[in-house]
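Inspection log for the structure reproduced underneath, given as structure tokens.
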Amino acid sequence: MSETILDKKFTVESIEIESFRGYNKPHSFTFKEPMTIFYGKNGNGKSSTLYAIEWCLFGKIEFLSSLEGRSRDEVVNQFNPQGIASVKMVLKNGKDEVKLERTKNTGKASTNFIIKTKDGKFEGDDAEEELFKISGMTLDDFIRSVYLHQEAIRALLTEAKDTRDEALDRLFGLEKIRNIVNAIPIKDVKDTIKELQKKKDSFSQKITGAIELCNADIEKFKKKAFDNDLSESNLNQEYVSRNVKSIIQEIHALSKDYSLPQIEINQPSSISDFSTFESKVKKTLKDIQQESVDLNKISELNSKKIILLNLSKEISAQETPIAELQAQIKVIVDEEGNLEKITRNLATVEKELKEKNKERDSLDVNSKLIEDALQSLELLTKPNCPVCDNSIDIQKTIEKLKKQSENIVGKQIKEINNKISTLKERKNILEELELKLSTYSERLEREQTLEDDTLSKLSTELGIAKQDKSKILPITEKQIQIYTDEIKKLEKSAQDQSDRLQKIRESLDLIGKVVDVLSKEMELGNLKNLNPEDSKEIDNIGKAITGLHNFEDKLTTIVNASGKIQTKLASEMISESQKDIEDYYTQLCMHQHYDKLKIDVEPHEFKGRVKNAYSIRALNTKDGNETHVVTRFSTGQMNCVALSVFFALTKSLPVKLGFLVLDDPSQNLDSEHKNALANILTSISKDRQIFVSTQDEEFKKILQSKQHVKFHEFVGWDVSGPKFN
């Protein structure tokens, strides 16, 4: 590589992106203006464009989580049939040109990287080394001095102090030192020392105090044995062997009595084997209890008995409503006859009622004629008949008609009305009886159907043909008694077996109490032969503790040294950048009261680790008033602080790439601050090439008023890639 290339700063002349992130089909950009703006809504490919620059240079994307395994296939466009991501980029400075090409196949973790310069073509590791010579930076350097990610700004805006401190360490290039310090397991070593010390103390105390504890346990176990009617003469191996043998014989007898397979149980050869013997016996007793007496049979018989009892109760319960309904029906039938007769009588009454109504209507017509005649006669002025015009005695005729109307017609209507009233009353009675008899009959039919169903169920349960209840109920009672006798017989057999099993369990329990005493006496004998001071275990633990203390001292030295180094480096970087930070803060934030910004760093020890703790304060140089920006500043003002730090670092750090990349830098800013940011970017673009991604329409319009700015507007996206205006 020539010295001219090493001394110059390279800008991006062009980039071609294919099958990378949001890009599927190939798309090229050529950059001729000092500032390039990628504008559009989220999801249209702006970030993919910026990522392409980062990935082409370093083969990684710092803030992109790898969710698809070690192969990092998330960089390959999922709609591309070849499954090969490709980014080609040309860096240029004057006549010097460097061509970079990085590709990656789906399923492969590594990338293929090629660089072409005037000195030749470089591939793989040689290409990576050549890039470092050209750029003079790693990915960490690139992130803190060239590429401002959205995530870096968000980390500085967070309320969590640890997150802000880590973000500032990343900006100052100290993240790897912080990660190394975090990885040093001082706390784990200290915890291990404590655990080992506890184990050593516990082991020593256990040995020295075990004899006393063992003696106490022996007395406790003996008391339990004596409380169960055992004597001192029973506390020996001979008692255990004799009773173990008896248990084995009784188990064999049980198996024979209940026709079960013989179970092989060996007599324990020593006291220490008793627990195995005890477990085997308990399992065998459980198996015998489950297999020898058919408990399921008892449960089955009880279920059948309960079913028969319930069905018998249902039949008895159904007798009362049936008898009541039959009695109510009999009363009606005795009084008026059956339903058919009542219906006929009702029809007869309705017919008579109809005829009487008709007869009354006819009399009403005659009565009306007489009344009309009377009215006509009373209105006559001449003594002539209005019909035949003959001479008549009007007064006598009127009196005659009135008498006829009162004596004959009135009497007949009264008689008919009385008859109609009687017929209506009779009709109501018959209708009510008809309804009652119909209702009672339907209910009786339902009850008899239920009874019939119950008798059918009972016959099915008894396994016999359906019979009348007078015959089937005695059969049911007899079957219930049969079930009762069988259940009692099986329960007696089960109780006898249970008593024998319980006796074995009690004998096993007594043997266990003797074994507890004998086991503790053996343990006491072993403890008396052990010297705690010569314990090899304690000695080994002590040596381990000493070694870990030495290891802890060395780790502490490393941590302290690392902490001092990272604090010193941060302090130096802050000192070198402080003036630029204040200048950018003044231009960008324009705070009405606090005109200066100051960043301090101090080492902070927490759980054995030393980390940088940053303090960002705003000052008023006139009255000396100051405040912590995280507690007083708005989100937009905090964003201005983050941008000020980034711009200052890009100016003070010795970078060899002559461009900056900013992803959505105007987030949370108001119009005034956006104008200030645009002015700063315009000023920086005089010396360095700038790439800005934004979805902020207001910020876009502000930048459009500046000179030498190229806009690429992303108007949409589909599976082929971004769509441009």
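The values are calculated or read from the model by the stated rules, or taken from the named source; none is laboratory data. Treat the numbers as computed from the prediction; the structure is a model and nothing was measured. As a convention, Cβ positions derive from the backbone with ideal geometry for all residues, glycine included, and neighbour counts pool all protein chains shown.
Of note:
- Residue that is out of contact with any Cys (no Cβ under 6 Å at 6 or more places or on another chain), acidic (Asp, Glu), farther than 30 Å from residue 469 by Cα and in a helix (DSSP H, G or I), where the choices are 300, 264, 278: 278
- Contact annotation: no residue pair with Cβ atoms under 7 Å, 6 or more positions apart or on different chains, pairs a residue in the range 585-597 that is in the same structural domain as residue 667 (by TED's automatic domain parsing) and surrounded by 20 or more Cβ atoms within 10 Å (Cβ to Cβ) with a partner that is at pLDDT below 85 and of a type outside the set (A, V, I, L, M).
- Residues of the range 451-479 that are outside any helix (DSSP H, G or I) and hydrophobic (A, V, I, L, M, F, W, C): 464, 465.
- Within the span defined as the range 668-686, every residue fails to be closer than 30 Å to residue 21 by Cβ, among the hydroxyl-bearing types (Ser, Thr, Tyr) and under 44 Å from the mean Cα position of the chain (by Cα).
- Residue within the range 482-490 that is surrounded by fewer than 17 Cβ atoms within 10 Å (Cβ to Cβ) and closer than 30 Å to residue 190 by Cα present: no
- One residue from 720, 644, 666, 693 being at pLDDT below 90 and of a type in the set (Gly, Ala, Ser): 644
- So residue 243, is it over 30 Å from residue 469 (Cα atoms), part of a helix (DSSP H, G or I) and not charged (D, E, K, R): yes
Results for (1) surrounded by fewer than 18 Cβ atoms within 10 Å (Cβ to Cβ); (2) among the hydrophobic types (A, V, I, L, M, F, W, C), shown as yes or no for each residue.
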site	(1), (2)
171	no, yes
185	yes, no
198	yes, no
202	yes, no
226	yes, yes
234	no, no
238	yes, no
245	yes, no
256	yes, no
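- Restricting the search to strands (runs of 3 or more DSSP E) fully inside the range 65-146 and requiring at least 3 residues that are in the same structural domain as residue 11 (by TED's automatic domain parsing), in contact with a Leu (Cβ under 8 Å, 6 or more places away or on another chain) and farther than 19 Å from residue 691 by Cβ gives 112-117.
- Test for residue 657: is it of a type outside the set (Phe, Trp, Tyr) and either closer than 28 Å to residue 132 by Cβ or touching a Cys at 6+ places or on another chain (Cβ under 6 Å) (or both): yes
- Residue match in the range 480-495 (condition: touching a Leu at 6+ places or on another chain (Cβ under 9 Å), under 30 Å from residue 329 (Cα atoms), in a helix (DSSP H, G or I) and of a type in the set (Asp, Glu)): no
- Some residue of the range 199-216 being at pLDDT 80 or above, touching an Asp or Glu at 6+ places or on another chain (Cβ under 6 Å) and closer than 30 Å to residue 524 by Cβ: yes
- Residue selected from the range 124-154 under the condition under 20 Å from residue 15 (Cβ atoms) and of a type in the set (D, E, K, R), by the criterion nearest to the chain's Cα centre (by Cα): 128
- Once the range 335-360 is narrowed to residues that are part of a helix (DSSP H, G or I) and under 22 Å from residue 448 (Cα atoms), the residue that is nearest to the chain's Cα centre (by Cα) is 339.
- When residue 711 is tested against the conditions (1) touching a helix residue (DSSP H, G or I) at 6+ places or on another chain (Cβ under 6 Å); (2) of a type in the set (Phe, Trp, Tyr); (3) over 26 Å from residue 582 (Cα atoms), the lone failure is (1).
- Test for residue 167: is it within 30 Å of residue 637 (Cβ to Cβ) and loosely packed, with under 14 Cβ neighbours inside 10 Å: no
- Residue satisfying all of: in the range 11-39; of a type in the set (Phe, Trp, Tyr) and part of a strand (DSSP E or B); farthest from the chain's Cα centre (by Cα) among these: 29
- One residue alone among 262, 328, 267 is assigned by TED's automatic domain parsing to the domain that holds residue 434 and at negative phi, and that residue is 328.
- Flag for residue 571 being assigned to a helix (DSSP H, G or I), exposed (fewer than 14 other Cβ atoms within 10 Å of the Cβ), among the polar types (S, T, N, Q) and free of Cβ contacts under 8 Å to residues at least 40 places away in the same chain: no
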